[in-house]
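The values are calculated or read from the model by the stated rules, or taken from the named source; none is laboratory data. What you are looking at is a predicted structure, and each value in this text was computed from that prediction instead of being measured. Cβ atoms come from the backbone with ideal geometry, glycine included; neighbour counts cover every protein chain shown.
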Amino acid sequence: MNPDPFENLRLELRRGSVVLAVLAALRREQYGYTLRKTLSDHGLEIDEGTLYPLLRRLESQGLLNSQWREEDKRRKRFYLLSAEGARVLEQLLAEWRRIDLSLEEILKEQSHGNN
Amino acid sequence: MEIIERYLEAVKFWLPKGQKEDIIEELAADLDAQVKEREAGLSRELSEAEVELILKQRGRPVVVANRFLPQEQLIGPLLFPVYRFVLKIICLCYLLPWSLVWIGMMTFDRAYRAQQTHVSWLAAVASAWSTWWTMAFGAIGMATLVFAILERVQARSHFLDEWSPRKLPSVRNPNQIPRANSIVELALTLLFFVWWALNASPRVLDLGSTVRIELSQQWVWFFSAYLVLAAANAALAAANLLHPYWTVRRASLRLLSDAIGAVLFCWLLRAHIVTSFSVSTLTAEKSLRVTQAIDFCMDKAFPWAIVVSVAVAAAGIYRIVRVKPPDPSSE
């Protein structure tokens with residue numbers, strides 16, 4: 001168990017956000033390694049031990065489609081958001097924005113209360 | 001590179017059967033892409049040590065494979081607190097009493113002690129230790145098995161999802177004494193007091209025309225002490241009925257009365273109180289054997305009585321400790 005409470009809470013907070021980021025990034029077809037790079041380039045580091053099981057879980061839930069294809073003489077598995085995935089992504093983004101708004105409201109209220 | 005193949009083979013061993021090839025192919029492609037990108041950046045091939053570092057960063061093969069496995073629990077978070085509670089009960093109500101009885105018998109029962117230590121004390125302790133562990137494994141194993149089955153049933157039927165706040169037990173003040181308890185206690189103590197006073201005083205008891213029991217001189221003391229104790233208990237129950245909250249004073253009096261009762265009872269078991277037991281239809285020799293059998297049973301019951309006494313005293317002490325300052329309106 002990690003003794004640092006911030007690290008534990010950060011991981012907890014990130015868990016749901018990573019799903020959202022993966023679904024959003026897969027509106028464009030990518031394979032695992034490039035997906036990881038895309039996320040990393042946007043400041044969201046994710047290790048392969050987390051990413052690949054997550055991709056499989058999302059695919060088993062029908063949110064992603066995948067297919068093996070050859071590219072640069074190497075077989076790779078490409079992932080793309082499914083129609084169901086696109087619908088769920090919209091719902092999750094709306095929920096994300098609602099949470100963000102609520103949090104902003106709470107923080108604003110607190111800062112007014114303190115002043 | 002051979003080291004990568006060895007790594008992937010080790011991961012593959014732990015993966016779920018139907019997905020082994022698929023997952024390994026994807027992991028191989030990912031590793032290959034990472035190595036190629038690193039090599040492109042360095043404009044040279046990676047050394048084995050550099051590849052080893054990449055593999056070490058990915059984690060142990062079993063850990064990597066484990067992330068692809070379904071997350072399973074023998075006992076889930078819903079049932080685990082109940083499971084832990086049951087384990088505590090097993091320890092407190094089964095394993096601890098057994099240990100105390102064993103210690104009690106080894107301390108107070110000479111025949112048992114002689115039988116156990118005929119080889120050596122070490123052998124006796126080792127034998128008890130072995131029995132204790134067998135019991136502990138059996139009881140805890142059985143509880144674990146039952147909860148593991150319940151977990152599987154719960155996962156399918158969700159029977160624990162059916163609940164109602166109305167069925168939850170009412171909030172209870174541990175210092176409150178239910179009036180019903182005090183009424184029952186008072187009635188039973190008074191009944192016992194009257195019965196004891198009217199029937200238990202003689203040292204010679206004739207049960208019908210055939211059975212005659214003679215008790216030793218010590219019975220008089222025992223009879224008087226229990227009579228006084230019953231009167232004190234009746235008074236305490238009456239006080240509890242009028243003021244239904246434990247106070248330190250009354251909880252201490254209850255502990256004192258329980259302790260005296262327990263000591264008297266334990267003393268009775270060791271006092272060889274029955275001097276003669278005769279049945280008109282039995283020969284004198286058989287009657288003597290019955291008397292000896294009663295003594296033997298009382299001897300055997302002694303360690304158990306000690307355990308019960310200790311438990312009663314512990315409960316009494318706990319009651320005193322947990323008593324909060326009394327509510328002025330209740331006294």
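Remarks
- Condition met for A:ARG97 (outside any helix (DSSP H, G or I), surrounded by 10 or more Cβ atoms within 10 Å (Cβ to Cβ) and either without any contact (Cβ under 8 Å) to a residue 24 or more places away in the chain or within 14 Å of chain B (Cβ to nearest Cβ) (or both)): no
- Scanning the range A:33-73 for residues that are basic (Lys, Arg) and closer than 26 Å to B:ARG60 by Cβ turns up A:ARG36, A:LYS37, A:ARG56, A:ARG57.
- Test: A:LYS108 is more than 16 Å from the chain's Cα centre (by Cα) and farther than 20 Å from B:VAL64 by Cβ: yes
- Residue within the range A:11-33 that is facing chain B (nearest Cβ under 10 Å), in contact (Cβ under 8 Å) with a residue 24 or more places away in the chain and not hydroxyl-bearing (Ser, Thr, Tyr) present: yes
- For the range A:51-77, taking the residues that are among the acidic types (Asp, Glu) and free of Cβ contacts under 8 Å to residues at least 12 places away in the same chain, the one that is farthest from the other protein chains (Cβ to nearest Cβ) is identified as A:GLU70.
- Residues satisfying the stated conditions in the range B:193-231, i.e. polar (S, T, N, Q) and over 17 Å from B:LEU264 (Cβ atoms): B:ASN199, B:SER209, B:THR210
- Failed item, numbered, when B:ASP32 is tested on (1) in contact (Cβ under 8 Å) with a residue 60 or more places away in the chain; (2) touching a strand residue (DSSP E or B) at 6+ places or on another chain (Cβ under 7 Å): (1)
- So B:VAL171, is it at pLDDT below 95 and either of a type in the set (Ser, Thr, Tyr) or in a loop (DSSP other than H, G, I, E, B) (or both): yes
- Evaluation of A:THR38 against the conditions (1) within 14 Å of chain B (Cβ to nearest Cβ); (2) among the β-branched types (Val, Ile, Thr); (3) closer than 24 Å to B:ASN66 by Cβ shows that the sole unmet condition is (3).
- Extreme residue, surrounded by the fewest Cβ atoms within 10 Å (Cβ to Cβ), among residues of the range A:48-64 that are of a type in the set (Gly, Ala, Ser) and in contact with a helix residue (DSSP H, G or I) (Cβ under 6 Å, 6 or more places away or on another chain): A:GLY62
Yes/no matrix, rows are residues, columns are (1) within 14 Å of chain A (Cβ to nearest Cβ); (2) over 30 Å from B:PRO303 (Cβ atoms); (3) surrounded by fewer than 15 Cβ atoms within 10 Å (Cβ to Cβ); (4) polar (S, T, N, Q):
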{"position": "B:GLN19", "(1), (2), (3), (4)": "yes, yes, yes, yes"}
{"position": "B:LEU31", "(1), (2), (3), (4)": "yes, yes, no, no"}
{"position": "B:LYS36", "(1), (2), (3), (4)": "yes, yes, yes, no"}
{"position": "B:GLY41", "(1), (2), (3), (4)": "yes, yes, yes, no"}
{"position": "B:ARG44", "(1), (2), (3), (4)": "no, yes, yes, no"}
{"position": "B:LYS56", "(1), (2), (3), (4)": "yes, yes, yes, no"}
{"position": "B:ALA65", "(1), (2), (3), (4)": "yes, yes, no, no"}
{"position": "B:ILE75", "(1), (2), (3), (4)": "no, yes, no, no"}
{"position": "B:LEU92", "(1), (2), (3), (4)": "no, no, yes, no"}
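- Applying the criterion of being hydrophobic (A, V, I, L, M, F, W, C) and farther than 24 Å from B:ALA311 by Cβ to the residues of the range B:94-136, the residue that is surrounded by the most Cβ atoms within 10 Å (Cβ to Cβ) is B:ALA124.
Residue-by-condition table, conditions (1) surrounded by 14 or more Cβ atoms within 10 Å (Cβ to Cβ); (2) touching a residue at least 24 places away in the same chain (Cβ under 8 Å); (3) β-branched (Val, Ile, Thr):
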| site | (1), (2), (3) |
| --- | --- |
| B:LEU145 | no, no, no |
| B:LEU150 | yes, yes, no |
| B:PHE159 | no, no, no |
| B:SER164 | no, no, no |
| B:PRO169 | no, no, no |
| B:ARG179 | no, yes, no |
| B:SER182 | yes, yes, no |
| B:PHE192 | yes, yes, no |
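- Residue in the range A:60-71 that is polar (S, T, N, Q), in contact with a Leu (Cβ under 7 Å, 6 or more places away or on another chain), at pLDDT 95 or above and farther than 25 Å from B:LYS56 by Cα present: yes
- Test: residue in the range A:43-56 that is farther than 14 Å from A:ALA21 by Cα and either β-branched (Val, Ile, Thr) or touching a strand residue (DSSP E or B) at 6+ places or on another chain (Cβ under 8 Å) (or both): no
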